[in-house]
Amino acid sequence: MKTQYYTASSLDGFIATEDHSLEWLFQLGDVNDTSYPQFIAEVGALAMGASTYQWMLEHIVARGEPWPYTQPTWVFTHREIAGVPGADVRFVQGDVAPVHALMVAAAHGKNVWLVGGGDLVGQFHDAGLLDEIVVQVGSVTLGTGKPLLPRCIAFPPLKLLSVRQVGTGFAELHYEVPHATSE
């Protein structure tokens, strides 16, 4: 079981524009050509921030499409946000560590996916709970936006596990996150 941040980023390190748009992403390739189908099959629980959840509501659920996850999903928020009928969505706030323990139990030996945003993932990193980062770096620059991971992770550095080209739009980078206790 691993806790993973699986995401896409612009070449200059942003996961979304300032107004949370992901439109830049969809022109770059088909998700079925990426490692996503295999990745999601190994996920037992998810966590996301309120902005990511709100984007999903507005761009997937509001268009009449079903909630895309069968796994239980924890949404970290201080806002009042509507749930999705029939979906296992749980709203939480505060320290990520006790919520992570609940997620691990619900995942039943499968991985935990930190969907985003970057600051939420940073909180899991700060708590020593982030094991891997898989980022598909897109062939666009945004100039500004929501950062991939607003943390300094330099000592020790991430360990590169693999690099893979995905079509002409992405380079997929897979990193292990070293833990201070493993040195």
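The values are calculated or read from the model by the stated rules, or taken from the named source; none is laboratory data. These figures come from a predicted structure and were not determined experimentally. Please note: Cβ atoms are built from the backbone with ideal geometry, for glycine as well, and neighbour counts cover all protein chains shown.
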Legend entry - So Ser51, is it at pLDDT below 95, touching a His at 6+ places or on another chain (Cβ under 8 Å) and of a type in the set (S, T, N, Q): yes
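Select, from Gly122, Gly118, the only residue that is closer than 25 Å to Gln38 by Cβ and either touching a strand residue (DSSP E or B) at 6+ places or on another chain (Cβ under 6 Å) or buried (at least 16 other Cβ atoms within 10 Å of the Cβ) (or both).
Values: Gly122 fails: closer than 25 Å to Gln38 by Cβ.
Residue meeting the stated conditions: Gly118.
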Legend entry - Inter-residue pairs, beta-carbon under 8 Å, first farther than 17 Å from Lys146 by Cα and in segment 117-129, second modelled with pLDDT of 95 or more and among the hydroxyl-bearing types (Ser, Thr, Tyr), 6+ apart: Phe124/Thr3; Phe124/Tyr5; Leu129/Thr3
Legend entry - Residues (surrounded by 13 or more Cβ atoms within 10 Å (Cβ to Cβ) and out of contact with any helix residue (DSSP H, G or I) (no Cβ under 8 Å at 6 or more places or on another chain)) located in segment 142-163: Gly145, Leu158
Legend entry - Residue, farthest from Asp19 (Cα to Cα), within segment 90-128, restricted to residues that are in contact with a Pro (Cβ under 9 Å, 6 or more places away or on another chain) and among the charged types (D, E, K, R): Arg90
Inset, instruction - Run Val31 past the list (1) touching a residue at least 12 places away in the same chain (Cβ under 8 Å); (2) on the phi < 0 side of the Ramachandran plot and report the number of the one that doesn't hold. - result: (1)
Legend entry - Every residue from segment 1-53 that is touching an Asp or Glu at 6+ places or on another chain (Cβ under 9 Å) and surrounded by fewer than 16 Cβ atoms within 10 Å (Cβ to Cβ): Met1, Lys2
Legend entry - Residues that are over 17 Å from Tyr53 (Cα atoms), in a loop (DSSP other than H, G, I, E, B) and in contact with a strand residue (DSSP E or B) (Cβ under 9 Å, 6 or more places away or on another chain), drawn from segment 12-26: Gly13
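Evaluate the following for Val140: is it under 27 Å from Asp95 (Cβ atoms), touching a residue at least 40 places away in the same chain (Cβ under 8 Å) and β-branched (Val, Ile, Thr)?
Working: under 27 Å from Asp95 (Cβ atoms): no; touching a residue at least 40 places away in the same chain (Cβ under 8 Å): yes; β-branched (Val, Ile, Thr): yes.
No; evaluated as a whole, the condition is false for this residue.
Which one of Met103, Met56 is modelled with pLDDT under 95 and under 22 Å from Glu42 (Cα atoms)?
On the way: Met103 fails: modelled with pLDDT under 95.
Only one candidate qualifies: Met56.
Residues are listed down the side, and each one gets a yes or a no for (1) within 13 Å of Thr3 (Cα to Cα); (2) of a type in the set (Val, Ile, Thr); (3) not in a loop (DSSP other than H, G, I, E, B):
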| site | (1), (2), (3) |
| --- | --- |
| Leu114 | yes, no, yes |
| Val121 | yes, yes, yes |
| Leu130 | yes, no, no |
| Val135 | no, yes, yes |
| Val140 | no, yes, no |
| Thr144 | no, yes, no |
| Ser162 | no, no, yes |
| Gln165 | no, no, yes |
| Glu172 | no, no, yes |
Inset, instruction - Have a look at Val96, Val134 and point out the one that is at pLDDT 95 or above and more than 30 Å from Gln165 (Cβ to Cβ). - result: Val96
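Tell me, which residue of segment 54-106 that is assigned to a loop (DSSP other than H, G, I, E, B) and of a type in the set (Ser, Thr, Tyr) is surrounded by the fewest Cβ atoms within 10 Å (Cβ to Cβ)?
Kept after step one, since they are assigned to a loop (DSSP other than H, G, I, E, B), are these residues of segment 54-106: 60, 64-72, 77-88, 93-95.
If we keep only those that are of a type in the set (Ser, Thr, Tyr) too, we end up with 69-70, 77.
On the way: Tyr69: 19, Thr70: 11, Thr77: 16.
Applying the filter and picking the extreme gives Thr70.
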